[in-house]
Amino acid sequence: MVNNKIAIIGAGNMGGALVKGWAKAGMSANLTVTAHTQQTLDRLVEACPGITVMLNNSKAVQDADVVVLAVKPWLIQQVIEEIEPELKDKLLISVAAGVRNERIDVYVMPNIAAEFGKSMTFVEEAAKAETAAELFGKVGLCKVVPQRLMDAGMMMAGCGIAYVMRFLRAMMEGGVEMGFYPDEAKKIALQTMQGAVTMLRETGLHPEAAIDKVTTPGGITIKGLNELDHAAFNSAVIRCLKAGLK
Ligand SMILES: NC(=O)c1ccc[n+]([C@@H]2O[C@H](COP(=O)([O-])OP(=O)(O)OC[C@H]3O[C@@H](n4cnc5c(N)ncnc54)[C@H](OP(=O)(O)O)[C@@H]3O)[C@@H](O)[C@H]2O)c1
C-alpha cells in the first residue's frame, strides 16, 4: 500500500492533515494533491516538499491507484462526476462526514491529528476496507467497524478531538482565574491530560479506579469531582457526543 499512488482531492484541514501525516510516514513521492486554489497547494508543498500538486482533479486521478475525497460533503457528488471517466477500478475512499454515494468503495472517518500520526480513524466494513485501513494506519490508530458504528466513531474521534480541546480550554481558563498566565496554564493542562492518558494506557485501569487513587476521603479532589457532578458534566459529555447522531 505504501508504494501505491494516492490522489487526495481537497487539501484543507482534513486533506492537508492526511497529506502531512503520510508525508511524515515517508510517502511524499506517491502523493498527488488537488485543491480549489493554487494558494492552498503552494502552502502544502512548502510543508511537504516531495509531493505533487495540481488544480486538475481528473489529471490527478489518472495515475493513482487510490483516490481519497477530502472536499466538503456538498461537493462530493460534483467531484465524483468530474473524475468518473478516470476512476475505472481505482479504490475510491471518502472522508466526507455523512455523505453516501454508490460510487464510493470505502467510507473513512479520520481526525486532524493525522498530521502528527495520531489520528483515531474509523473505516467502514467493506470489500476493500483492509486496504484503506492499512493506508490510514500510517497516520494513527485505525479501526474497521460496521456501518452502524461509523457515526458514533465520528462523534467520539472525528469531532471528539474538538471536545477534548474545549475541556482543555476550560482547564486553562480556570488556571488563569487562579493566577497562571495563559501559556503556563496551557502547559499545565496539556501535561496533566498527557499524564492521565499515559496512566490509563500503561496501567489499563478504568478511569474511575484511577480517580480513586487521587481521591482522599474528605479531601479536596472529591470536592471538585462532586462539583462536576452537580453541573451534570457526565451528562453534558454524553449529550455532546450524541448531538450529531441522526
Ligand atoms: N476537519 C475535520 O476535522 C474533518 C474530520 C473528518 C472528516 N472531515 C471531512 O473532510 C472533508 C473536508 O473538510 P475540511 O474541514 O478539510 O474542509 P476545508 O478545510 O474547507 O477543505 C476543503 C478543501 O477542498 C478544496 N476544494 C474545494 N473545492 C474543490 C474542488 N472542486 N476540487 C478539489 N478541491 C476542492 C479546498 O480548496 P481551497 O483550500 O483551495 O479552497 C480545500 O482545500 C469534509 O467532507 C469533512 O466532512 C473533516
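The values are calculated or read from the model by the stated rules, or taken from the named source; none is laboratory data. Being a predicted model, the structure only gives us computed values, none of them experimental. Positions of Cβ are backbone-derived with ideal geometry, glycine not excepted, and every protein chain shown enters the neighbour counts. What goes into the accessible areas is simple: the full protein's heavy atoms, side chains included, and nothing from ligands, DNA or RNA. Shrake-Rupley method; radii C 1.70, N 1.55, O 1.52, S 1.80 Å.
Using only Cα coordinates, the Kirkwood hydrodynamic radius of the range 79-208 works out to 17.0 Å.
Think of the range 1-153 as having a plus end and a minus end, set by charges on the Cβ of Lys, Arg, Asp and Glu; of Cys48, Ile104, Ile83, Cys48 sits farthest toward the positive end of this dipole. Per atom type, the range 29-99 shows carbon and sulfur on 50% of its accessible surface, probed at 1.4 Å. When the C-alpha to C-alpha distance is required to be over 29 Å, the pairs from Lys118/Lys246; Lys59/Lys246; Lys24/Lys128; Lys143/Lys186; Lys24/Lys143 that qualify are Lys59/Lys246; Lys143/Lys186. Centre-to-centre, using Cα atoms only, the range 1-78 and the range 164-237 are separated by 38 Å.
Evaluate the charge dipole of the chain about its Cα centre and quote only its size in Debye, nearest 20, assuming +1 on the Cβ of each Lys and Arg and -1 on the Cβ of each Asp and Glu. Write down the numbers at each step before the final one.
Working: 25 positive and 26 negative charges, 38 e Å.
Dipole magnitude for the chain comes out near 180 debye.
Positive-end ranking of Leu241, Ser28, Gly10 along the dipole of the chain, with charges on Cβ about the Cα centre, is headed by Leu241.
For the range 201-246, rounded, prolate or oblate, judged on the Cα gyration tensor with a ≥ b ≥ c (square roots of eigenvalues), a/c < 1.5 rounded, else prolate if a/b > b/c? Oblate, because a/c is 1.5 or more while a/b does not exceed b/c.
So how do 125-135, 108-118, 80-90 stack up, highest first, on mean other-Cβ count within 10 Å?
On the way: 125-135: 17.3, 108-118: 21.3, 80-90: 14.5.
My ranking of the peptides, most packed first, is 108-118, 125-135, 80-90.
Over the chain, with the other protein chains present, what is the accessible area per residue in square angstrom, probe 1.4 angstrom? If you can, show how the numbers build up before the last one.
Details: 14580 Å² over 246 residues.
For the chain, the per-residue accessible area is 59 Å².
Taking all protein chains together, Arg166, Arg201 sort by accessible area into Arg201, Arg166, largest first [probe 1.4 Å].
Sorted by mean Cβ packing within 10 Å, highest first, what order do the peptides 33-43, 222-232 take?
33-43, 222-232
If you put +1 on each Lys and Arg Cβ and -1 on each Asp and Glu Cβ, how big is the dipole of the range 1-101 around its Cα centre, in Debye rounded to 20? Present the calculation step by step, with values, prior to reporting the outcome.
Working: 9 positive and 9 negative charges, 60 e Å.
Approximately 280 debye in magnitude.
Applying a threshold of 22 Å to the alpha-carbon distances of Lys20/Lys242; Lys5/Lys90; Lys138/Lys242 flags Lys20/Lys242; Lys138/Lys242 as lying beyond it. Surface composition of the range 130-235: carbon plus sulfur atoms hold 60% of the accessible area, using a 1.4 angstrom probe and ignoring ligands, DNA and RNA. If you take the alpha carbon atoms of the range 1-107 and fit the smallest convex hull around them, that volume is 89 Å³ per residue.
Shape of the range 146-221 from its Cα gyration tensor (a ≥ b ≥ c, root eigenvalues): rounded if a/c is under 1.5, otherwise prolate when a/b > b/c, or oblate?
Working: a/c = 2.40, a/b = 1.29, b/c = 1.85.
In terms of gyration-tensor shape, oblate.
Remark on the chain: hydrodynamic radius 20.0 angstrom, per the Kirkwood mean of 1/r across alpha carbon pairs.
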